[in-house]
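Participant: Below is a structure I'd like to ask you about.
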Amino acid sequence: MPQRRALIVGGSIGGLFAAQFLRQAGWDVAVFERSAGDLADRGAGLNTSAELFEALTRAGATVNPGLAFHVRRSAWLKQDATIGVEIPRGWHGSTWGTIYRPLRAAFPSALYHAGRVVERVEQDGTSVTAIFADSTRERGDLLIGADGVYSTVRKQYLPEIAPVPAGYIAWRGTLAERDLPPSAHELLLERAAFTIPDNELVVSLPVPGADNDPRPGHRRYYFIWYRPASPAEQRALFTDASGRDHGLAIPPPLIRSEFVAAMKADARKVLPPVLGEIVGRVAQPLLQSITDLEAPRMVFGRVALLGDSAFVARPHVAAGTSKAALDAAGLVAAFAAHGEDIEAALQLYERERLAFGRAVISHARYLGAYLEAGGAAPPRDPERLLREYGAPHLVHEVDFG
Ligand SMILES: Cc1cc2nc3c(=O)[nH]c(=O)nc-3n(C[C@H](O)[C@H](O)[C@H](O)COP(=O)(O)OP(=O)(O)OC[C@H]3O[C@@H](n4cnc5c(N)ncnc54)[C@H](O)[C@@H]3O)c2cc1C
């Protein structure tokens, strides 16, 4: 059989997993990444899973326990900073860059083409062509749209599909362990903490520090704070001081200082004092609109969506990277099952990964329902929240033995 060629649009975690797995299965692959330089860490926390580490190992990335920081317990932190409920539910916190870098290092640089922006796709029954912003073209047997939540590939085939705001936003941030207030050490560095002010939620936990350093004293503390926001409030939050509306994603330095100051003042009023202090000390918080993105299809002839281009769940499931890894593994498994028949393999891929994506989205919606502005869902029982949070039935906890 002549070697088949796969064009991968997007060189982030999903694109790299797909490219590496297809290459291992004998495909000629080429990754086209819009960013010209290194992909920068967005600087917030990330949850890992057994499936993610399995996929990293299979992709040839160097995997060691230092890629994530393990806490063995989850606790509900009451307003007075005492522990209300605690269960033996572990979390492996990490950062995006900590996962991306070894994956990128395992992939041959000659096959990774940075600074290449795909504008559209053409296909004729037997091949597919990517057309770039500089008018150059690349031809292959298969094209994978791993180009993220604002996917150009998806927009061509599903122009009506876009992220749908869920009615609340999240403030996120990290603080170096050395900058934590002393009272935080024993209380917060041993467990994932869940704080549940009225209609709000804070999830916080330690993650590895700079350069992937998990040693005590060198870690970072991560928080994500969900707060209801009406459409008008969201528009204001995502509009910078010059009046420019950034839609659903505003660069952190452009968040208006009065909003950051108001958020920090609220943190001191509504959160347990130690957490309010931590939020107050974060120099540059990030602001995120919470949305659902759900594609009704993932395959269009010889073109397949993968990772965030097809489904982006609310962060409660903490499954973005694991889902991308599992999509890539599902893709090569479908090719292994169907040999040379690309269309049949893609049909199988779509059937299985649509079902998984829908399950992830629906669990995330369930977990976030009580945060939606004006939502009718009752406040959650803390112990149940601790047990159901994340996607324990979809992606599994890491066991390093
Ligand atoms: C730099 C970065 C930092 C992140 N940090 C975090 C984090 O801290 N916490 C967290 O929970 N999640 C984070 N994420 C998102 C999360 O990790 C994703 O769920 C995960 O990366 C899997 O998504 P993906 O590979 O499908 O898409 P993405 O990670 O969004 O990657 C899509 C890639 O496609 C490229 N691209 C887009 N359009 C084009 C085009 N037309 N032509 C060529 N290339 C294109 C983009 O530049 C990007 O590199 C981050 C993503 C990125 C890119």
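Participant: Is it true that some residue in segment 166-177 is in contact (Cβ under 8 Å) with a residue 40 or more places away in the chain and in a loop (DSSP other than H, G, I, E, B)?
Facilitator: No, every residue in segment 166-177 fails to be in contact (Cβ under 8 Å) with a residue 40 or more places away in the chain and in a loop (DSSP other than H, G, I, E, B).
Participant: How about segment 314-336: which of its residues are near the ligand (Cβ under 9 Å from one of its atoms), of a type in the set (A, V, I, L, M) and within 10 Å of the chain's Cα centre (by Cα)?
Facilitator: Ala318, Ala319, Ala324, listed by residue number.
Participant: Residues of segment 179-196 being in contact with a strand residue (DSSP E or B) (Cβ under 9 Å, 6 or more places away or on another chain) and surrounded by fewer than 16 Cβ atoms within 10 Å (Cβ to Cβ), which ones? First the steps, then the outcome.
Facilitator: Within segment 179-196, the subset in contact with a strand residue (DSSP E or B) (Cβ under 9 Å, 6 or more places away or on another chain) is 179-180, 184, 187-196.
Within segment 179-196, Asp179, Glu190 meet the criteria.
Participant: Quickly run through segment 145-160 and pick out the residues that are assigned to a loop (DSSP other than H, G, I, E, B) and either under 19 Å from the mean Cα position of the chain (by Cα) or within 7 Å of the ligand (Cβ to nearest atom) (or both).
Facilitator: Passing the criteria: Ala146, Asp147, Gly148, Val149, Tyr150, Ser151.
Participant: Hey, which of the strands (runs of 3 or more DSSP E) in segment 1-79, taking only ones fully inside, have at least 2 residues that are closer than 23 Å to Asp308 by Cα and within 16 Å of the ligand (Cβ to nearest atom)?
Facilitator: 5-9, 28-33, 45-47
So that you can scan it fast, the table gives a plain yes or no per residue for (1) touching a strand residue (DSSP E or B) at 6+ places or on another chain (Cβ under 9 Å); (2) among the acidic types (Asp, Glu); (3) free of Cβ contacts under 8 Å to residues at least 12 places away in the same chain:
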| residue | (1), (2), (3) |
| --- | --- |
| Pro273 | no, no, no |
| Pro285 | yes, no, no |
| Ala295 | yes, no, no |
| Met298 | yes, no, no |
| Ala313 | yes, no, no |
| Ala325 | no, no, no |
| Ala334 | no, no, no |
| Glu352 | no, yes, no |
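Participant: Let me ask another. Being over 22 Å from the mean Cα position of the chain (by Cα) and at positive phi narrows it down to one residue among Gly339, Gly307; which is it?
Facilitator: Matching residue, one of Gly339, Gly307: Gly339.
Participant: For residues that are within 8 Å of the ligand (Cβ to nearest atom) and touching a Leu at 6+ places or on another chain (Cβ under 8 Å), scanning just segment 284-309, find the one that is nearest to Gly93 (Cα to Cα).
Facilitator: Filtering first and then ranking leaves Asp308.
Participant: A further question follows. So which residues in segment 88-121 are assigned to a strand (DSSP E or B) and surrounded by fewer than 14 Cβ atoms within 10 Å (Cβ to Cβ), if there are any at all?
Facilitator: Scanning segment 88-121 gives Glu119, Arg120.
Rule-based calculations on the coordinates, nothing more; no lab input. These numbers come from a predicted model, not from an experiment. Virtual Cβ from ideal backbone geometry, glycine too; neighbours counted across all protein chains shown.
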